[in-house]
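Trainee: This is the structure I have questions about; it appears just below.
The values are calculated or read from the model by the stated rules, or taken from the named source; none is laboratory data. Keep in mind the model is a prediction, meaning the values are calculated, not measured. Using ideal geometry, Cβ is built from the backbone for each residue, glycine included, and neighbour counts are taken over all protein chains shown.
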Amino acid sequence: MSPAASLPAAVDELYRRAVEEPSVVDDAWLASWLDEIGAGLEPPVDPVIAKSIRTAARRAKRLARYWAGRDPSRLPDWRNGVDEVLGSAGWRPALALARRGLELDPTPEAFREVQERFRAVHFQPWMEGISFEEYLEGR
């Protein structure tokens, strides 16, 4: 698995933390998170990846500010907390990372990841009924 393939899950974890533990997600913690993510990437860092990671960090900061004064335990799932604050746009950085991961290292897992994340952002399927092999042939 390429380092880019793990980035959407890292954004999920960042958002989960911003909703469930907002006091932890401050400027210093986000700087550390960005350094840690950057350390796993080979230079030069892909511009799409860099932009998406920075956007996710800014959105996590916004999430943390919102949830700092509220009780996330009332939520059925932390993802609902992201939706409440950011709507579907909150999931765009992870979708961009999943798409870039699919471009850089096309695997069936990366293909499924893009399908799932596309639906979360756009509320419609992407490449539904198309197999990974058919996707590769059409590239």
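Trainee: Hey, S2 hits all of (1) modelled with pLDDT of 95 or more; (2) of a type in the set (S, T, N, Q); (3) touching a Leu at 6+ places or on another chain (Cβ under 8 Å) but one; which does it fall short on?
Mentor: Tallying (1) modelled with pLDDT of 95 or more; (2) of a type in the set (S, T, N, Q); (3) touching a Leu at 6+ places or on another chain (Cβ under 8 Å), S2 fails exactly one: (1).
Trainee: Can you tell me which residue is nearest to L97 (Cα to Cα) among those in the stretch 14-44 that are among the β-branched types (V, I, T) and surrounded by 15 or more Cβ atoms within 10 Å (Cβ to Cβ)? Please lay out each step first, then the result.
Mentor: Step one: of the stretch 14-44, the residues among the β-branched types (V, I, T) are 19, 24-25, 37.
From what's left, surrounded by 15 or more Cβ atoms within 10 Å (Cβ to Cβ): 19, 25, 37.
Details: V19: 21, V25: 21, I37: 13 Å.
The selected residue is I37.
Trainee: Let me ask something else. Being surrounded by fewer than 22 Cβ atoms within 10 Å (Cβ to Cβ) and either of a type in the set (A, V, I, L, M, F, W, C) or touching a residue at least 60 places away in the same chain (Cβ under 8 Å) (or both) is the filter here, so list the residues in the stretch 58-78 that pass it. I'd like the intermediate steps shown before the answer.
Mentor: Going residue by residue through the stretch 58-78, those that are surrounded by fewer than 22 Cβ atoms within 10 Å (Cβ to Cβ) are 58, 61-62, 65-66, 68-78.
Listed by number, the residues that qualify are A68, L75, W78.
Trainee: While we're here: Please list, ordered by first then second residue, the pairs with beta carbon atoms under 9 Å, 6 or more apart or interchain, first in the stretch 117-131 and touching a residue at least 24 places away in the same chain (Cβ under 8 Å) and over 15 Å from A96 (Cβ atoms), second surrounded by fewer than 15 Cβ atoms within 10 Å (Cβ to Cβ) and of a type in the set (S, T, Y).
Mentor: Partner pairs satisfying both residue conditions: F123/S88.
Trainee: Of the residues in the stretch 63-107, how many are closer than 13 Å to V19 by Cα and basic (K, R)? Can you show your working first?
Mentor: Filtering the stretch 63-107 down to residues closer than 13 Å to V19 by Cα leaves 63-86, 90.
Next, from what is left, pick out any that are basic (K, R): 65, 70, 74, 79.
Final tally of qualifying residues: 4.
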